[in-house]
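This report refers to the structure that appears directly beneath it.
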Amino acid sequence: MVELPKPLSARQLFKLLKAEKSPKSALALFDSASRQPGYTHSPHIFLLILRRLSDPKLVVHVTRIVELIKTQKCKCTEDVVLTVLKAYAKSKMPNEALDCFQKMEEIFGCKPGIRSYNALLNAFIEANLLDKAESFLAYFETVGILPNLQTYNILIKISVKKRQFVEAKGLLDWMWSKELKPDMYSYGTVINGMVKSGDLVSALEVFDEIFERGLVPDVTCYNIMIDGFFKRGDYVQGKEIWERLVKGSCVYPNVVTYNVMINGLCKMGRFDESLEMWERMKKNECEMDLFTYSSLICGLCDAGNVDGAVEVYKEMVKRSVVVDVVTYNALLNGFCRAGKIKESFELWVMMGKENCHNVVSYNIFIRGLFENSKVEEAISVWELLRRRGSGADSTTYGVLIHGLCKNGHLNKALKIFKEAKDGGDKLDAFAYSSIVDGLSKQGRVDEALGIVHQMDKYGCELSPHVCNPLINGFVRASKLEEAICFFREMESKGCSPTVVSYNTLINGLCKAERFSDAYSFVKEMLEKDWKPDMITYSLLMDGLCQGKKIDMALNLWRQVLVKGLEPDVTMHNILMHGLCSAGKIEDALLLYSNMKQSNCLPNLVTHNTLMDGLYKARECEMASVIWACMFKNGFQPDIISYNITLKGLCSCGRISDGIALFDDALKHGILPTSITWYILVRAVLKLGPLDSLS
């Protein structure tokens, strides 16, 4: 700290305080001067130090300095009082502000003017004491205080806080009628409130009114509008406001504008445009801040352009912008998602040297290592977190347990899961769902059920993400009654089943040919206003076709069409396979021809299914027509297509055509499978070698 001269004058201290960049150091200088014998602070010194203490973290010292002013009986101007009132307002301390206002003459030796009244009014609003603010406003008139523009701006702020936007807009109109010209703060307050409430239509109307009144919006108004549209995902309107800004001649984009544009464009996936905005910012020599760099690095990493993100990071370092942990985490996540494990470790080491690891960093790195099958490395990072005593959060456990289960280390995951529970650590639904899914996939459904039942005990709410894997486990283990019982238990515990829950049960019931039960669940879905999706109907359709209930399948198909749903190609293929299996070839061909009319293009599976049905029905010529259609529709046959056609030709006695087809498959790089050889060998054995070669 600077050593103070003795004797010390107020002018000397004023210069020293102005030169001191740190508020805390300035406060230390001020306190040191206060202790010097024979020295008393001037009003200018009090004003300067109070302005340096506007940060809510330092507001405790404001009260101490007010007491010092009172002790020294220093007569101050209203500016000193305003600084105190604004500091209390910023820290949401309305009672202290009121006390200061009421004792102005006693403490500061000056009377309150309109600015002090406005400052206290604002303190009430900042503390959300809106009724008290309105009562105080009524008090203005009783003491003969005339409201000014700032007073009306505070009134607008009250209306906006109450979400009374019609009243706020009406106040703007009233101000114009009384020749109290609203300023950009007036309009900006209304626009900002409307945007935050999601009413961008009204916000745009108020924004346009600024032009109609012959005023020019400031850059803050533009920034609010662009940010609002981008956050709603409305690229067109957001870009239009940007164009209006850059085409105007009075207002220019600032660093906040560029940050809003870059961040918004990145979040909407328009990464090329965000880079163009970045280049424009550099061309216009607009100083970039941490948020600019961080937004672009996050966006590029999300787009998979980690190399581009690295270039931005290098420029950030070159310009001596301090990299924060959020930016490092974004880059670390980008490296992991791109599979750049070596680079991610190098960055991890650098982050450690700069003390830039937080729990999110650990979560990102552990997840990234697991996703790249680096199990041992992920466990090492986890153990490092535990050794350092940094608290793992519920996300850490979820990531760790999920990664271990996914990579086949279920028992290790169970061990960590148990240690976390026994140690009182919080586990989220992701951790529970991962364990339940892992156990269910291994057929250990009773253990999985036991873990689900523990969730209440440990204060974790049941969720479909936990329940659905267990239902699927019961279905896979052919324990349908247990699956249905648990499904009902879900409902009783306040966990609403999802479409996935219903689909899983319906699939199991169909495979067990319990179609009436499956239909009951579909009916239940409709009664509960759950809309069965295409997967629901496809599962039912598949079950009915597999069970040779083709008439019921056709009836279901008609129900789907009546409901206005558009069956996808999967559902078409399921029904087509069922029709072919039931010998209803004409119906299958009709379904195929209707696909284009219903805007559902057939795929390779469609052609394979139809050819297989036609060959089984000895419709060899028609099957050849479908083969030609396959090429016409832009598909290349796979080994399944060749096997179906080869088998069909051989079954029709056209073995020479079959061998020619086999040669064609080899020419196109299609490798034969064991099924291909079986078809050929069987055909040769059936007809004899000489017959097959003739």
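Numbers below:
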quantity: Long-range neighbours under 8 Å by Cβ, at least six apart or interchain, first residue at pLDDT below 90 within region 656-680, second assigned to a helix (DSSP H, G or I) and among the charged types (D, E, K, R); calculated: 679/647
quantity: Matching option when the condition is more than 27 Å from the chain's Cα centre (by Cα) and surrounded by fewer than 18 Cβ atoms within 10 Å (Cβ to Cβ), among 199, 208, 234; calculated: 208
quantity: Positions within region 508-536 being within 18 Å of residue 575 (Cα to Cα) and in a helix (DSSP H, G or I), in sequence order; calculated: 510, 511, 515, 518, 519, 534, 535, 536
quantity: Residue match in region 475-496 (condition: among the aliphatic types (A, V, I, L, M), modelled with pLDDT of 90 or more and under 20 Å from residue 574 (Cβ atoms)); calculated: yes
quantity: Some residue of region 499-516 being surrounded by 19 or more Cβ atoms within 10 Å (Cβ to Cβ) and within 21 Å of residue 428 (Cα to Cα); calculated: yes
quantity: Enumeration of residues in region 577-635 that are among the acidic types (Asp, Glu), more than 17 Å from residue 652 (Cα to Cα) and touching a helix residue (DSSP H, G or I) at 6+ places or on another chain (Cβ under 6 Å); calculated: 587
quantity: Tabulated pairs, region 14-25, first on the phi < 0 side of the Ramachandran plot, second at pLDDT below 90 and hydroxyl-bearing (Ser, Thr, Tyr), C-beta under 9 angstrom, 6+ apart or interchain; calculated: 23/54
quantity: Residue check for residue 542: surrounded by fewer than 20 Cβ atoms within 10 Å (Cβ to Cβ), assigned to a helix (DSSP H, G or I), at pLDDT 85 or above and not assigned by TED's automatic domain parsing to the domain that holds residue 453; calculated: no
quantity: Lone qualifier among 446, 393, 422 - being out of contact with any Ser or Thr (no Cβ under 8 Å at 6 or more places or on another chain), within 30 Å of residue 513 (Cα to Cα) and surrounded by fewer than 23 Cβ atoms within 10 Å (Cβ to Cβ); calculated: 446
quantity: Criterion violated by residue 507 - all others in (1) over 21 Å from residue 543 (Cα atoms); (2) modelled with pLDDT under 90 satisfied; calculated: (1)
quantity: Yes/no for residue 112 being touching a Phe, Trp or Tyr at 6+ places or on another chain (Cβ under 7 Å) and assigned to a loop (DSSP other than H, G, I, E, B); calculated: yes
quantity: Any pair with Cβ under 9 angstrom, 6 or more apart, that starts in region 560-576 at a residue that is farther than 20 Å from residue 549 by Cα and ends at one that is assigned to a helix (DSSP H, G or I) and aromatic (Phe, Trp, Tyr); calculated: 565/537
quantity: So residue 215, is it touching a Gly at 6+ places or on another chain (Cβ under 9 Å) and either aromatic (Phe, Trp, Tyr) or farther than 22 Å from residue 81 by Cβ (or both); calculated: no
quantity: Counted residues, region 211-222 - those being under 13 Å from residue 189 (Cα atoms) and part of a helix (DSSP H, G or I); calculated: 3
quantity: Every residue from region 251-309 that is of a type in the set (D, E, K, R), assigned to a helix (DSSP H, G or I), over 22 Å from the mean Cα position of the chain (by Cα) and closer than 29 Å to residue 368 by Cα; calculated: 307
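Table: residues versus (1) within 41 Å of the chain's Cα centre (by Cα); (2) of a type outside the set (A, V, I, L, M, F, W, C); (3) part of a helix (DSSP H, G or I); (4) surrounded by fewer than 18 Cβ atoms within 10 Å (Cβ to Cβ).
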position	(1), (2), (3), (4)
12	no, yes, yes, yes
21	yes, yes, no, yes
29	no, no, yes, no
36	no, yes, no, yes
59	yes, no, yes, no
62	yes, no, yes, no
74	no, no, no, no
88	yes, yes, yes, no
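The values are calculated or read from the model by the stated rules, or taken from the named source; none is laboratory data. Being a predicted model, the structure only gives us computed values, none of them experimental. Counting neighbours? That spans all protein chains shown, and the Cβs are built from the backbone with ideal geometry, glycine included.
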